[in-house]
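Remarks on the structure that follows.
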Amino acid sequence: MAKTEQRNGLELQGNTQKLTDSNGKSSSNGPDPEVNGSIPEQTQVDKYGFTGGAQQSAGELAEEVPIAVLRQREAKWLEMLNSWDKWMAKKHNKVKERCQKGIPPSLRGRAWLYLTGAKVKREQNKGRFEELDIQPGDPKWVDVIERDLHRQFPFHEMFAARGGHGSQDLFRVLKAYTLHRPEEGYCQAQAPVAAVLLMHMPAEDAFWVLVQICEKYLPGYYSTGLEAIQLDGEILYALLRRVSPVAHRHLKKHKLEPILYMTEWFMCAFSRTLPWSSVLRVWDMFLCEGVKILFRVGLVLLKCMLGTQEKVKSCQGLYETMELLKKIQPQYTREGFLVLEIIDLSVSEKDIEKEHQAQLRRWKESRGDLSCKSPPRMHGAKAIMAAEPPSRQELRQRPTIIVQSPLASKTEAPPEDEVKGSKKAAKENGHTTILPPDGIINLGDPSPTFQHTTTQGSKESLSSAEHDTYL
């Protein structure tokens, strides 16, 4: 087991990399990103907002969903979001299946807000983020956060310019978390997680989703000593013995501790490891089903890279194996391949909890009690909702809209169980619009301007007042 310092940081054996550094000095796997600057007008921007770097989309790595299918999925997700408690209680498997297929990009931010329970958390703590936002923050953490800002996805248009709206919102979210949880402070691995969230939602929503990830999905991951991530490393290693005995024997032979290769994977939820299309699909499933998805991704990558005798022959030592795991071959991270492998791999919450208890016993025998007592881990959206049942008012959308896509009606009608709408439904211009309590919203035919914003998305920082419809 690698030794860690008793602070929010991680020293890797034989490696100067740190995922948390109270001195503000850090490096990432691979070359340091370029210092942020403005994006030249002629620069090519991919559909995710990247202008270059490892995350820039390569067309062949991402799956293209036909526009008619996308419109159908949007209509189904809008219906689910309007009756979220009923869907989670009675049709959770359908929600899980739709997350596995991929949440429509236009609704991803709102779906993540509901899956994590952050929507309810925000409603229960109205004004809390604004209260934290106006506070100056602890100078110790403020200084480290400011020095980390330019390292987060510097090739994304939101974070390309120093002092731009993306960097400002990232600072606000991370500073607010240090005030919300002063006993934890700031961990550098939280920055890319918060940055991914800000690409999909306003700062206040991103803050509450970050809170839920840190407290419910990955409790203890960002605390002093990083004991939780070390335990999960041992769980991953134990599960690997069943999934890929060859890979397990190779890592054991070369005494390659799990914390050396899986720390960034898990703490950053693979946001710095996979192509962007794969990152988003993994996050859709992770926020629905919980940490078992991160374990499955890690196991799939280890099995693919080290799962046969031929593959392990090419890396005869610890250093060679580490280099191999730093540069996962693209055929194994491709969206279509990876998602199917994750779904097919049989690793359940029960498997993880059983191994967690075994590792806890071993930890106590060799080290005594954990120094950081973390709350119990919640395995996904259903567990979070069951633990803290929300009221209908807390789940209510403003505005509340359900739209039946005109394109969907021309292709294939959705199943009967998915088109049951409210009794208030009124037919207008070929659309089915649910009348919200505050009044009628008539979408009408989308104008060219509306169609453009549908595909391109907003490049500005959004307000959390939910005035946009995310269609």
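The values are calculated or read from the model by the stated rules, or taken from the named source; none is laboratory data. What you are looking at is a predicted structure, and each value in this text was computed from that prediction instead of being measured. With ideal geometry, Cβ positions are generated from the backbone for all residues, glycine too; neighbour counts draw on all protein chains shown. With ligands, DNA and RNA removed, areas are computed over all heavy atoms of the protein, side chains included. Shrake-Rupley method; radii C 1.70, N 1.55, O 1.52, S 1.80 Å.
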Seminar exercise, completed: By the mean-Cβ-within-10 Å protection proxy, highest first, 189-198, 174-183 rank as 189-198, 174-183
Seminar exercise, completed: Calc'd 3J(HN,Hα), the range 150-160, phi into Karplus 6.51 cos²θ - 1.76 cosθ + 1.60 (θ = phi - 60°), Hz, glycine/Pro = x, comes to 6, 8, 8, 6, x, 9, 9, 4, 6, 10, 6
Exercise. So which of K76/K327; K47/K373; K101/K175; K252/K327; K96/K364; K86/K216 end up more than 31 Å apart by C-alpha?
Worked result: K76/K327; K47/K373; K101/K175; K96/K364
Exercise. Which whole-number value in Å² is the accessible area per residue of the range 206-260, probe 1.4 Å?
Worked result: 26
For this session: Please get the size of the charge dipole for the range 225-371, origin at its Cα centre, with Cβ charges of +1 on Lys and Arg and -1 on Asp and Glu, quoted in debye to the nearest 20.
Result: 520
For this session: Under 1.5 on a/c is rounded, so check that first for the range 225-371, then, if it is not, pick prolate when a/b is larger than b/c and oblate when it is not; a ≥ b ≥ c are the square roots of the alpha carbon gyration tensor eigenvalues.
Result: oblate
Exercise. Ranked highest first by average number of other Cβ atoms within 10 Å, how do 204-211, 345-352, 385-392 line up?
Worked result: 204-211, 345-352, 385-392
Exercise. From the backbone phi of the range 236-253, what are the Karplus-calculated ³J(HN,Hα) couplings (6.51 cos²θ - 1.76 cosθ + 1.60, θ = phi - 60°) in whole Hz, Gly and Pro given as x?
Worked result: 4, 4, 5, 5, 4, 4, 7, 6, 8, x, 5, 5, 4, 5, 5, 5, 5, 4
Problem set entry | Exceeding the 18 Å Cα-Cα cut-off - candidates K303/K382; K292/K350; K253/K313 | K303/K382
Problem set entry | Whole-Hz ³J(HN,Hα) from phi, Karplus 6.51 cos²θ - 1.76 cosθ + 1.60, for the range 201-212, glycine and proline x | 7, x, 4, 4, 5, 4, 4, 6, 5, 4, 4, 5
